[in-house]
1. Give the whole-number value, in cubic angstrom per residue, of the convex hull volume spanned by the C-alpha atoms of segment 7-86.
2. Please name whichever of S75, V39, I236 sits farthest to the positive end of the charge dipole of the chain, dipole taken about the Cα centre and charges placed at Cβ: Lys and Arg +1, Asp and Glu -1.
3. Skipping prolines and chain starts, which residues have an amide H placed within reach, meaning under 5 Å, of the one on F4, given they are 5 or more residues away or on another chain?
4. Placing +1 at every Lys and Arg Cβ and -1 at every Asp and Glu Cβ, with all other atoms neutral, what dipole size does the chain have around its Cα centre, in debye to the nearest 20?
5. At 0.36 nm per residue, minus the direct Cα-Cα distance, what do R253 and N102 gain on full extension? Give it in nm, one decimal, please.
6. Tell me the Kirkwood radius of segment 14-56: reciprocal of the mean inverse pair distance over distinct alpha-carbon atoms, in Å.
7. For K239, K149, K120, what's the largest-to-smallest order of accessible area, 1.4 Å probe?
8. Give me log10 I(q)/I(0) at q = 0.16, 0.18 Å⁻¹ for segment 1-144, Debye formula, one equal scatterer per alpha-carbon, no solvent.
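The values are calculated or read from the model by the stated rules, or taken from the named source; none is laboratory data. Computed from a predicted structure; not experimentally measured. All Cβ positions, even for glycine, are placed from backbone atoms using ideal geometry, and neighbour counts span all protein chains on display. Only protein heavy atoms, including side chains, enter the accessible area calculation; ligands, DNA and RNA are left aside. Shrake-Rupley method; radii C 1.70, N 1.55, O 1.52, S 1.80 Å.
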Amino acid sequence: MPHFNALDIATKNVITAAPHESLAVIRNLMINHGVGRIVITTEDNKPIGIVTKRDIVKFLSIDDTDRSLIEIPVSEVMNINLVIIKPSLDVRTTASIMLDNNISSLLIVDKEHLVGIITKTDICKYCSKHCKGVFKVKDFMTRNVIYVKPMHSLFRIMNLMVKYNISRVLVLSDDGKPLGIVTLTDLTFYTSSLRPVKHPTFEVIPSSLIMTAEDVMTRNPITINEDEDISKASEIMVKRKISGLPVIDRNERLSGIITKTDIVKAVACFKEA
């Protein structure tokens, strides 16, 4: 089996923008190219920052200047603490660096110029092709799963996401079977309902109080058996463009969840033949 380095498996057509561009431009780039992050570069293609969907949501949630997206330059939002690797770095070490820094992407730079980006999705693509027969899903799945019941409120889900720094919460039936999944992306569609409504004769009333997990969840989530090959989980996540799969046992009850981060952990332990 050939040995792969970071650049071999990276995305080389990196979507970039200048620091003066507005969040409106960044948003359109993300939508048009189907990406969750944009690298901010100088005119000569030197990386100086990176901005993700989560960075934008976090910024807008605390920004009280009443500016529109057109009026906010990405330089105010981008993360300038970049983690950069060399093109020749091996895949296993690349995965370890991603885990050590608790980040979802690494920039690949050669002679100060951006030549690629490697994301958790790229790691999953590698795993789906080159880690077959090495690990099972149960070897790396997360067993302590955060979940709610169908009638739990949206506030409960949001509090769990904030408390545990997670981007998805499973919805389980009383007998422990997955009914649905609520992701951070799902919640963005309900942003307006998460804002308190003021009325001159009433105290502040959260209009989302009566919204439940059942209202917003993606029903019948794709699942995978705990004894499946981990490469299969990687393949499904890449193909379906999702970041996690509920893991079930032989009785179809939830036994864990496997995420792209878990796949990165597996690759960090994988030794190419």
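1. That works out to 99 Å³ per residue.
2. It is I236, whose Cα lies furthest towards the positive end.
3. When sequence neighbours closer than 5 places are left aside, the close amide H contacts are V91.
4. It comes to approximately 540 debye.
5. 51.4 nm
6. Its Kirkwood hydrodynamic radius stands at 10.3 Å.
7. In descending accessible area the options line up as K239, K149, K120.
8. The Debye formula, applied to the Cα set alone, gives -0.89, -1.06.
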